[in-house]
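Readers should treat all values here as calculations from the given coordinates under stated rules, not as data from a laboratory. All values derive from a computational prediction rather than experimental measurement. Virtual Cβ from ideal backbone geometry, glycine too; neighbours counted across all protein chains shown.
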């Protein structure tokens with residue numbers, strides 16, 4: 001007895017279990033020959049397999065892929081399609097034996113509704129079994145409800161007709177759901193591949209960006225070295241000029257000091273006659289030395305190096321605005337301006 005429903009449920013007979021094993025997972029009916037076996041060892045009617053394959057390959061390309069409706073294993077077909085799948089002759093032979101036993105009226109009857117199972121009863125007419133289906137209200141009911149009850153003005157049909165219709169509709173829904181699941185699986189695989197591609201492209205762009213900045217660093221270092229050399233060159237040139245002037249000034253100073261000492265000694269230690277003999281020459285030399293004290297001097301601001309200042313404000317602003325694709329846009333704008341000027 002089923003605890004939830006209170007109905008007596010007998011154990012499935014061997015034939016019922018056998019028929020369940022021989023049911024196609026797509027059409028939900030017993031396999032229709034020929035029966036094909038998939039690489040995952042599950043079986044399908046070739047017709048059902050072909051319908052499933054056609055739904056995945058609407059343009060009938062050579063070869064194709066579909067997934068097993070039982071385990072979702074990916075089945076890859078060659079140019080022969082489902083006709084390239086191996087037939088399961090064992091299952092076909094078992095089906096033949098099963099149908100032969102049914103036709104001979106073997107004691108092992110085909111799976112029918114258990115006589116021990118209680119039929120669902122009408123809630124309004126408790127002694128009446130539910131044996132018809134109200135098409136208007138879309139609910140099972142009993143004959144009494146149709147004749148005397150709330151469904152007397154409704155359109156009804158037999159349970160078997162509605163059962164077959166809804167079973168077929170459910171089968172189609174299952175096929176659509178299977179197709180939808182395959183589509184989702186394909187999208188999932190595509191998204192996973194896309195995620196990996198994004199990571200790979202990101203690494204590639206990072207590498208390119210690092211190479212670009214390394215190149216900029218190298219250019220800046222080279223330019224810095226050139227400008228430093230230029231400053232050092234001008235420094236050396238000016239230092240040479242200054243050192244030359246220093247040497248000239250030192251020589252003149254030493255000569256002037258010697259002349260002063262000589263004139264002083266002449267004044268202090270010479271007699272009048274000796275002084276008069278040497279004084280004229282010393283006076284001339286002193287005057288000439290005084291005149292020559294005004295040597296060449298560097299121009300005003302000679303020592304200033306401000307003219308070698310590098311102004312980087314524009315470059316700093318440009319670097320601060322550096323972004324992806326900016327260079328391309330600027331190049332396009334420059335080309336457009338050049339074209340307008342030419343016109």
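Here residue 321 and residue 51 are evaluated by their C-beta separation; at R0 = 45 Å the FRET efficiency comes out at 0.15. Projected label points at residue 297 and residue 17, each 7 Å from Cα along the beta carbon direction, are separated by 12.4 nanometres. Between residue 285 and residue 231, the FRET efficiency estimated from the beta carbon spacing at R0 = 56 angstrom works out to 0.80.
Sorted ascending by nearby beta carbons within 10 Å, beginning with the fewest, 48, 134 become 134, 48.
Backbone N atoms of region 153-185 closer than 18 Å to the 7 Å Cα→Cβ label point of residue 125 belong to residues 153-160.
Ranked by the mean number of other Cβ atoms within 10 Å of their residues, highest first, the peptides 192-201, 32-41, 122-131 fall in the order 32-41, 122-131, 192-201.
Using 1/(1 + (r/R0)^6) with R0 = 30 angstrom and r between the beta carbons of residue 311 and residue 208, what's the FRET efficiency to the nearest 0.05?
Details: r = 30 Å, r/R0 = 1.02.
Step by step, r from the Cβ atoms, then E = 0.50.
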